Amino acid sequence: MVHLGRVFTDKDIADNNILPDIDEQALGPGGIDENEFTTSVYGSVHAARDLPKHQMPDDEMPREIAYRMIKDDLTLDGTPTLNLASFVTTYMEPEAEKLMVDAFNKNFIDYEEYPVSADIQNRCVNMIARLFNIPAHEENTNAMGTSTIGSSEAIMLATLAMKKRWQNKRKAAGKDASKPNIIMNSAVQVCWEKAARYFDVEEKYVYCEEGRYVIDPKQAVDLVDENTIGICSILGTTYTGQYEDTKAINDLLIQRNIDCPIHVDAASGGFVAPFVNPDLVWDFRLEKVVSINVSGHKYGLVYPGVGWCVWRDPEFLPKELIFNINYLGADQASFTLNFSRGASQVIGQYYQLIRLGRKGYRSIMLNLTRTADYLAAAVQKMGFQLMSQTRGQGLPLVAFHLNKAHGHKFDEFAIAHQLRQRGWVVPAYTMAPHAKQQKLMRVVVREDFSRSRCDALIADIKLAVDELKKVEAAGKLEQHQEHLRNHATRTGKHQSRMNQHYSDEKHSLQGKHGKTHGVC
């Protein structure tokens with residue numbers, strides 16, 4: 001998700017100039033030609049000027065200086081390995097990186113020019129479909145899939161497919177096809193809200209409750225009506241990492257003889273559950289599951305952005321959504337919201353699949369699960385209450401909140417701000433609506449989150465809580481939290497550069513209920 005950048009007017013630029021009005025001609029000794037040749041980056045005239053921010057400069061600058069100036073600017077970004085808010089991969093082997101760099105200049109959509117890259121996508125689709133137990137042993141199986149920019153695009157495509165299939169059936173029966181709806185947990189990632197709103201599909205929510213943060217299968221099936229295009233079941237919720245009970249939804253639909261498809265959002269869990277909890281039945285083994293998405297750039301272990309979507313059969317992917325692109329004298333079916341894009345991420349995914357194999361993925365996911373369990377035990381010993389599951393029953397993340405019985409006046413957001421000062425990004429969230437405004441913190445355990453780094457985080461969480469207790473005892477908690485809000489967040493420093501025109505929206509779950517949209 002990218003924020004809407006604000007285009008500054010000349011008045012905005014003048015009003016936002018926080019620096020004093022300084023005559024730069026009066027700086028330094030006289031008699032120096034600013035165009036004087038220098039081999040030093042920091043001896044050049046560009047090092048003594050601010051980087052252009054609003055208008056393209058008239059003159060060029062040497063490449064090594066442009067590189068260094070931008071690199072220096074980027075040092076103010078956070079450290080990806082300390083960003084425990086995100087599921088997105090932050091480590092790949094040098095060999096994988098080299099393959100991806102070599103493919104930067106390949107436009108993946110140009111199948112005629114790059115047929116091997118196209119075939120590599122098809123190899124990945126086959127491997128992932130079989131990982132999700134597509135019935136490849138059945139002769140009549142005709143599954144298909146595609147790569148995407150990420151799970152957000154995959155979810156958009158799956159929603160479109162479900163909507164179009166529903167519309168076709170309604171029109172064939174001579175019935176109204178203007179009021180589609182989709183059923184999902186109110187704790188869904190924001191891309192589901194976007195898909196429904198962008199494609200004019202009504203959202204029907206199964207709301208979370210205190211103590212239950214996954215979809216209730218019976219409530220979900222009870223919401224199904226003649227206008228329902230499908231049910232979304234999440235394999236690893238954004239907030240608590242729990243796996244929703246797709247099998248229970250499937251069995252209820254069969255029991256009641258309801259023709260309603262299930263799409264499984266396996267963005268985070270699709271590369272975890274098959275290796276850590278292989279006996280969990282959530283995928284194409286269930287007859288009502290018609291499509292599954294997964295993020296390659298999460299636990300698929302590839303840099304952003306790549307995702308995948310697989311459909312059980314052409315019945316669930318209407319032909320009118322497909323466009324045929326001719327390459328090498330043959331038609332290539334295409335279903336995508338994007339067009340031109342690089343081949344690097346798909347090649348990176350293929351590298352990981354064949355480099356690690358099932359054994360390698362299993363080893364990594366088991367290590368992540370052990371580290372998550374270790375962290376979970378540590379925060380519980382500190383007095384926090386655990387919201388996520390352990391022992392591989394959910395994603396390798398740790399979701400926890402303060403024990404209300406302890407009566408602290410500070411909250412999870414205060415701890416998150418405190419950790420920011422130590423460099424950690426450990427987000428605090430307000431839970432989905434109807435969960436009594438439950439606040440929580442969440443740590444995503446990724447491949448490069450080692451036991452030693454975990455110990456450092458545990459020490460800093462304890463330090464943060466102890467510091468807040470001291471501030472609370474001194475009666476200065478409110479001033480302390482105000483200071484952190486204003487000075488301790490990176491985005492706060494750049495808030496004026498974001499477009500605020502839409503900041504008061506009231507159509508999303510966040511706008512209506514105050515739910516925090518989680519980072520994915």
Please turn the phi angles of the range 428-436 into ³J(HN,Hα) values with the Karplus equation 6.51 cos²θ - 1.76 cosθ + 1.60 (θ = phi - 60°), one per residue in order, whole Hz, x for glycine and proline. 10, 10, 9, 5, 4, x, 6, 10, 6
If you add up the charges near residue 407, with Lys and Arg at +1 and Asp and Glu at -1, over every other residue whose beta carbon is less than 13 angstrom from its beta carbon, what do you get? +1
With all protein chains present, how much of the accessible area of the chain (probe radius 1.4 Å) comes from carbon and sulfur, to the nearest whole percent? 50 percent
Where the eigenvalues come from the Cα gyration tensor of the range 273-420, what are the semi-axes √(5λ) of the equivalent ellipsoid, largest first, in whole Å? 40, 18, 18
Using alpha-carbon coordinates, inclination of helix 115-131 to the longest axis of the chain, degrees: 60 degrees
Accessible area in the full protein assembly, largest first, 1.4 Å probe, for 239, 374, 350: 374, 350, 239
With just the Cα atoms defining each centre, how far is the range 268-335 from the range 401-458? Give it in Å. 32 Å
Against the globular-protein guess of 2.2 N^0.38 Å, express the Cα radius of gyration of the range 96-350 as a ratio, rounded to two decimals. 1.00
Can you work out the base-10 log of I(q)/I(0) for the range 160-280 at q = 0.21 1/Å, using the Debye formula on its C-alpha atoms alone? -1.24
Nearest 10 degrees is fine. How inclined is helix 477-487 to the longest principal axis of the chain, computing both from alpha carbons? 90 degrees
With every protein chain present, what is the per residue accessible area of the range 96-350 (1.4 Å probe, Å²)? 40 Å²
Tell me the Rg and the Dmax, in Å, that the Cα atoms of the range 254-352 produce. 16.0, 49
Which percentage, to the nearest 5, of the DSSP beta bridges contained in the chain is antiparallel? 65 percent
To test your reading of the geometry: what angle, between 0 and 90 degrees and rounded to tens, separates the Cα axis of helix 451-473 from the longest principal axis of the chain? 70 degrees
If I take R0 = 35 Å and measure r between the Cβ atoms of residue 393 and residue 459 in this structure, what FRET efficiency does the formula 1/(1 + (r/R0)^6) give, to the nearest 0.05? 0.80
Counting pairwise Cα distances across the chain, what percent come out greater than 30 angstrom? 56 percent
For 402, 457, give me the order by solvent-accessible area with a 1.4 Å probe, most accessible first, ignoring ligands, DNA and RNA. 402, 457
Past 30 Å, Cα to Cα: identify those pairs from 163/218; 247/359; 194/359; 218/436, in the order given. 194/359
Per residue of the range 213-224, what does 6.51 cos²θ - 1.76 cosθ + 1.60 with θ = phi - 60° give for ³J(HN,Hα)? Whole Hz please, x for Gly and Pro, Karplus curve as stated. 10, 10, 5, 8, x, 5, 4, 4, 5, 5, 7, 5
Tell me the mean residue ellipticity at 222 nm calculated for the chain from its helices only (DSSP H runs of n ≥ 4, each -39500 (n - 2.57), averaged over every residue, nearest 500). -11000 deg cm²/dmol
Summed over the other residues with a beta carbon less than 13 angstrom from that of residue 295, with K and R at +1 and D and E at -1, the charge totals 0
Checking the range 326-392 for trypsin sites (Lys or Arg not before Pro) in a loop per DSSP with at most 15 other beta-carbon atoms within 10 Å yields 391
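The values are calculated or read from the model by the stated rules, or taken from the named source; none is laboratory data. Since we're looking at a predicted model, the values are computed, not measured. Note that we place each Cβ from the backbone using ideal geometry, even for glycine, and neighbour counts take in every protein chain shown. These accessible areas exclude ligands, DNA and RNA; they are computed on the full protein's heavy atoms, side chains included. Shrake-Rupley method; radii C 1.70, N 1.55, O 1.52, S 1.80 Å.
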